[in-house]
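The values are calculated or read from the model by the stated rules, or taken from the named source; none is laboratory data. Note that the structure is predicted; figures quoted are calculated from it, not measured. Virtual Cβ from ideal backbone geometry, glycine too; neighbours counted across all protein chains shown. Side chains are part of the model used for accessible areas, which takes the heavy atoms of the whole protein and leaves out ligands, DNA and RNA. Shrake-Rupley method; radii C 1.70, N 1.55, O 1.52, S 1.80 Å.
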Amino acid sequence: MKKALIANRGEIALRVHRACQEMGIRTVAVHSTADASAMHVRLADESVCIGPPPARESYLNVAAILSAATITQADAIHPGYGFLSENAKFAEMVEAHGLTFIGPTAEHIRMMGDKITAKETMRRLGVPLVPGSPGALSSLEEARAVAAEIKYPVLIKAAAGGGGRGMKVAHDEAGLEEAWRVARTEAKAAFGDDSVYMEKYLDRPRHIELQILADTHGNVVHFGERDCSLQRRHQKLVEEAGSPVLSAAERDALGAQVTRALRQLGYRNAGTLEFLWQDGQFAFIEMNTRLQVEHPVTEMVCGIDLVREQIRIAAGERLGYGQEDVRFSGHAIECRITAEHPETFAPSPGRVTTYHAPGGLGVRVDSALYSGYTVPPHYDSLVAKLVVHAPTRAQAIARTRRALDEMVVDGIETTLPLHRRIMDDPEFQRGDYTIHWLERFVARGG
């Protein structure tokens with residue numbers, strides 16, 4: 001592999017570029033006209049404009065991306081996260097054009113992209129699930145029957161969903177019809193598919209995910225868990241590795257179960273399995289067949305470059321290590337800094353007048369910001385990830401608070417003040433939170 005096209009933008013495009021550069025692989029940046037001056041475009045070895053600002057005309061324009069790969073003679077394409085990263089058809093077309101897709105097979109992307117198929121596959125492989133319907137619900141009458149069996153409250157979820165869209169809670173039979181109708185309408189609008197299924201609604205779960213890598217030679221290794229319970233409207237704001245509530249024994253047991261399942265599945269490359277955890281019990285909810293936004297916290301506690309490993313696996317190399325070689329050191333926290341008002345969460349695109357990244361021992365910032373850069377209004381609001389590592393969780397919180405105070409992003413509103421309040425909160429400091437905690441924290445003004 002001599003040249004990789006990065007089919008993404010922002011901090012993740014820059015992250016992939018850096019890994020490629022360290023491996024001696026030249027990079028091609030693709031960009032919309034709105035991103036002509038973006039940092040990943042400035043640093044890449046080559047760049048190609050693939051369309052106007054709207055994502056559907058640029059970063060989701062498969063023909064333009066494949067054309068860019070052809071004219072620059074790229075060997076491979078890394079999709080990053082979001083956009084086309086979990087598009088099975090795109091993965092197939094990349095391979096059909098003689099390029100290497102740096103990610104899982106199209107078959108596994110398609111399998112895990114349908115939440116019902118994913119759950120059925122994991123059930124067959126012995127991974128525990130949340131109680132619910134065995135498949136898509138065919139009618140409101142079936143929904144009522146399943147709800148009566150698993151007991152209220154229940155959650156109606158889009159089969160092709162993600163990010164909280166097409167997801168509604170029904171606390172009793174009176175609310176089920178409304179939840180059923182709204183979830184299907186949202187699912188159809190967002191994904192073009194109104195298929196929905198049902199799960200038992202857990203009232204105080206934590207969102208815990210497990211990072212894995214699998215090569216093409218049957219080797220599967222996990223790199224521990226991330227606690228992603230601090231969410232607002234199903235969007236993660238803070239992640240930790242490891243979880244404040246899991247023991248090493250629980251991590252090892254879950255890891256052994258997951259790696260065994262994915263070995264049977266013949267999975268390849270990076271993947272993340274997401275679980276709800278409550279009262280010591282895990283329940284699988286979905287699998288992300290791509291690199292996660294929060295992958296840096298895993299890198300910090302394991303000392304491994306996950307993007308480099310993705311590239312090595314795509315090139316056909318063996319992992320070269322087993323589970324017994326993976327060591328977990330200390331604690332890591334990631335704060336997702338977005339261009340939004342810290343209280344109303346109104347988008348805040350615009351020109352960054354001053355940008356200063358914090359530093360010091362154990363501090364990492366993944367960002368494509370620079371002073372004078374204009375954050376465009378067309379894309380996701382994430383502008384930086386502040387990642388901190390320390391020997392203990394208490395030290396990691398203190399270091400994160402210090403780094404947040406050092407960080408300067410002027411000219412636009414950001415969520416930096418919210419992250420400072422979270423780090424100062426006694427409940428967060430005790431690790432006493434669930435997936436519902438942050439919504440209440442924001443509502444009460446911290």
key: Rounded if a/c under 1.5, otherwise prolate or oblate - the stretch 388-446, Cα gyration tensor axes   = oblate
note = For the stretch 140-145, Karplus-derived ³J(HN,Hα) couplings (6.51, -1.76, 1.60; θ = phi - 60°; whole Hz; x for glycine and proline) come out as 5, 4, 5, 4, 5, 5
query = Dipole of the chain, Cα-centred, from +1 at each Lys and Arg C-beta and -1 at each Asp and Glu C-beta, to the nearest 20 debye?
reply = 380 debye
query = Quick one: how many Å² of residue 247 are accessible to a 1.4 Å probe, rounded to 10?
reply = 50 Å²
key: Solution diffusion estimate, µm²/s, Stokes-Einstein, the stretch 326-446, Kirkwood Rh from C-alpha pairs, 10 °C, viscosity 1.306 mPa s   = 105 µm²/s
ask   = Is the chain rounded, prolate or oblate when judged by the Cα gyration tensor, a ≥ b ≥ c being the square roots of its eigenvalues, rounded requiring a/c under 1.5 and prolate requiring a/b larger than b/c?
value = rounded
ask   = Of the beta bridges DSSP finds with both residues in the chain, what % are antiparallel, to the nearest 5?
value = 80 percent
For the stretch 84-153, accessible area per residue (1.4 Å probe, heavy atoms of protein chains only), Å² = 45 Å²
request  = First compute the accessible area of the stretch 5-87 with a 1.4 Å probe, then give the percent of it belonging to carbon and sulfur atoms.
outcome  = 49 percent
remark   = Classified through the alpha carbon gyration tensor (a ≥ b ≥ c as square roots of its eigenvalues; rounded if a/c is under 1.5, else prolate when a/b is larger than b/c, else oblate), the stretch 300-341 comes out oblate
key: Accessible surface, 1.4 Å probe, highest first, among residues 305, 380, 425, 172   = 380, 172, 305, 425
message = Order 262, 276 by their accessible area, 1.4 angstrom probe, all chains in place, largest first.
response = 276, 262
request  = Summarise the accessible area of the stretch 344-446 (1.4 Å probe, protein heavy atoms) by the percent that is carbon and sulfur.
outcome  = 52 percent
task = Using just the alpha carbons, could you tell me how many Å³ per residue the convex hull of the stretch 61-216 encloses?
result = 128 Å³
ask   = Using a 1.4 Å probe, how large is the accessible area of residue 50, given in Å² and rounded to the nearest 10?
value = 10 Å²
remark   = Share of accessible surface on carbon and sulfur in the stretch 124-273, whole %, 1.4 Å probe and ligands ignored, is 48 percent
task = Just add up the charged neighbours of residue 145: K/R +1, D/E -1, any other residue whose Cβ is under 13 Å from the Cβ of residue 145.
result = -2
ask   = What relative contact order, as a whole-number percentage, does the stretch 1-131 give when Cα pairs under 8 Å and 6 or more residues apart are counted?
value = 22 percent
key: Mean separation of Cα contacts under 8 Å, 6 or more apart, over the residue count of the chain: relative contact order %   = 14 percent
query = Rounded to the nearest 0.05, what FRET efficiency is calculated for residue 308 and residue 107 with R0 set to 35 Å and r the Cβ-Cβ distance?
reply = 0.90
key: 3J(HN,Hα) from dihedral phi, the stretch 282-298, Karplus parametrisation 6.51/-1.76/1.60, rounded to Hz, x for glycine, proline   = 9, 9, 5, 10, 6, 10, 9, 8, 6, 6, 8, 3, 8, 4, x, 5, 5
note = the stretch 12-83 accessible area per residue, 1.4 Å probe, protein heavy atoms, integer Å², reads 39 Å²
query = For the residue pair residue 317 and residue 392, what label-to-label distance in nm results when each label sits 7 Å from Cα along the Cα-to-beta-carbon direction?
reply = 3.8 nm
message = Could you tell me how far the Cα centroid of the stretch 231-265 sits from the Cα centroid of the stretch 93-170, in Å?
response = 18 Å
query = How much accessible area does residue 223 have with a 1.4 Å probe, in Å² rounded to the nearest 10?
reply = 10 Å²
task = Using a cut-off of under 14 Å, list every residue of the stretch 165-180 whose amide N is near the label point 7 Å from the Cα of residue 148 along the Cα-to-beta-carbon line.
result = 173-174
task = May I ask you to rank 441, 83 by accessible area, largest first, using a 1.4 Å probe over the protein chains only?
result = 83, 441
